[in-house]
Amino acid sequence: MDGKKRDQILSLIDASYKIWMGENLPISAEKQEEQRQRWLDEEAPYGLLVQNIAEDPHFICANNFRL
């Protein structure tokens, strides 16, 4: 996935998290996008799956969550 598309997905994740949780993602929005993406992929304390909104949805992004 190219960087621009990844940045768009990260923006959507930020917005969705704020709607559902009532707060921003635990990592500061001021951090560089690359740092935020790395945190979501490698350090977030929860699993993350993102799907598109096609008629037959497909997962388009997942993090590397480990128990």
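The values are calculated or read from the model by the stated rules, or taken from the named source; none is laboratory data. Since the structure is predicted, the reported quantities are computational estimates derived from the model, not experimental observations. Here the Cβ positions follow ideal geometry from the backbone for every residue, glycine too, while neighbour counts run over all protein chains shown. For the accessible areas, the whole protein counts, side chains as well, though only heavy atoms, and no ligand, DNA or RNA atoms are used. Shrake-Rupley method; radii C 1.70, N 1.55, O 1.52, S 1.80 Å.
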Taking Cα atoms only, helix 3-21 is inclined relative to the longest principal axis of the chain by an angle, in degrees rounded to 10, of 80 degrees
Counting only the heavy atoms of the protein chains, how much of residue 43 is accessible to a 1.4 Å probe, in Å² to the nearest 10?
-> 120 Å²
Value at 222 nm in deg cm²/dmol, rounded to 500, when DSSP H runs of n ≥ 4 in the chain each add -39,500 (n - 2.57) = -14000 deg cm²/dmol
For the chain, using Cα atoms only, the Rg and Dmax in Å read 12.0, 35
Carbon and sulfur %, accessible surface of the chain computed with the full protein complex present, 1.4 Å = 52 percent
What nm value, rounded to one decimal, do you get for the distance between residue 49 and residue 32 when each label is placed 7 Å out toward the C-beta?
-> 3.3 nm
Per residue, accessible area of the chain with a 1.4 Å probe, heavy atoms of protein chains only, in Å², comes to 80 Å²
Pop out the ³J(HN,Hα) list for segment 34-51 in order, Karplus 6.51 cos²θ - 1.76 cosθ + 1.60 with θ = phi - 60°, rounded to Hz; leave Gly and Pro as x.
-> 4, 5, 5, 5, 4, 4, 4, 6, 10, 10, 4, x, 8, x, 9, 10, 10, 10
Length-normalised contact order for the chain - Cα pairs under 8 Å, 6+ apart - percent | 21 percent
